[in-house]
Amino acid sequence: MPLDVPDGQRCMLDANILYYCFVETAGVSDECRGLLGRVLTGEVDAITSSRALGDCVHKTMLAEVSQRNGRSRERLIGWLKQHPEALADLPKSREVCSRLVRLPLEVAKYEAATLPQVIRIAERHQLLMGDAEIVALMQRHGITHLATNDDDFDRVPGITVWKPRP
């Protein structure tokens, strides 16, 4: 389903949705910015996680370093371990941080006490830990709508998954 979250609904935003708002990605950025615009006008109530914010900035940093240094994203982390100076000046990443903190988003914090629930969710729905954390946060906050570009959530019952692509 495209990102047509019904007005008045509360929706969890995954890191990739935020990332696509700030780093142009063909075929998905316009949809993501449209949803974020609806969040800004109050049509949709959005929540995200502190991990999603960090992941968004991390992906932005990698995209910025990749573009500036003419390197593919493949094996970029290993290259950065050998060339940490490439992380010295990241104006796009700083801009994204500044814009993220001004968004009207509730930020849910992940708590260690929920680890048993997260691992149960991971096992039950065959999800990686980060995705299972999102499901656990959604359950804790009573949220059933998720905006993501990740197909793994399709196998979790009780969640309506909204994607920036058909």
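Tabulated values for the structure
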quantity	calculated
Selection count where residues are in contact with a helix residue (DSSP H, G or I) (Cβ under 7 Å, 6 or more places away or on another chain), assigned to a helix (DSSP H, G or I) and among the aliphatic types (A, V, I, L, M), scope segment 54-99	9
Positions within segment 14-23 being over 10 Å from TRP162 (Cβ atoms) and either in contact with a strand residue (DSSP E or B) (Cβ under 6 Å, 6 or more places away or on another chain) or part of a helix (DSSP H, G or I) (or both), in sequence order	ALA15, ASN16, LEU18, TYR19, TYR20, CYS21, PHE22
Selected residue [touching a residue at least 24 places away in the same chain (Cβ under 8 Å), in contact with a His (Cβ under 6 Å, 6 or more places away or on another chain) and closer than 22 Å to ILE134 by Cβ] from CYS97, CYS11	CYS11
Inter-residue pairs, beta-carbon under 7 Å, first within 15 Å of GLU85 (Cα to Cα) and in segment 57-73, second of a type in the set (Phe, Trp, Tyr), 6+ apart	ARG71/TRP79
Near pairs, Cβ below 6 angstrom, 6+ apart or cross-chain, from segment 148-166 (surrounded by 11 or more Cβ atoms within 10 Å (Cβ to Cβ)) to any residue that is part of a loop (DSSP other than H, G, I, E, B) and of a type in the set (D, E, K, R)	THR148/ASP14; ASN149/LYS163
Count of segment 46-90 residues which are surrounded by fewer than 17 Cβ atoms within 10 Å (Cβ to Cβ) and within 26 Å of GLU111 (Cβ to Cβ)	3
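A quick yes/no check of all residues on (1) in contact with a strand residue (DSSP E or B) (Cβ under 7 Å, 6 or more places away or on another chain); (2) farther than 21 Å from VAL57 by Cα; (3) without any contact (Cβ under 8 Å) to a residue 24 or more places away in the chain; (4) not hydroxyl-bearing (Ser, Thr, Tyr):
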{"site": "PRO84", "(1), (2), (3), (4)": "no, no, yes, yes"}
{"site": "LEU87", "(1), (2), (3), (4)": "no, no, no, yes"}
{"site": "LYS92", "(1), (2), (3), (4)": "no, no, no, yes"}
{"site": "LEU103", "(1), (2), (3), (4)": "no, no, no, yes"}
{"site": "LYS109", "(1), (2), (3), (4)": "no, no, no, yes"}
{"site": "LEU115", "(1), (2), (3), (4)": "no, yes, yes, yes"}
{"site": "VAL118", "(1), (2), (3), (4)": "no, yes, yes, yes"}
{"site": "HIS125", "(1), (2), (3), (4)": "no, yes, no, yes"}
{"site": "GLY130", "(1), (2), (3), (4)": "no, no, no, yes"}
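Values quoted throughout were computed directly from the atomic coordinates according to the rules given, and no laboratory measurement underlies them. None of these values were measured; they are calculated from a predicted model. Positions of Cβ are generated from backbone atoms using ideal geometry, with glycine treated the same way; all protein chains shown enter the neighbour counts.
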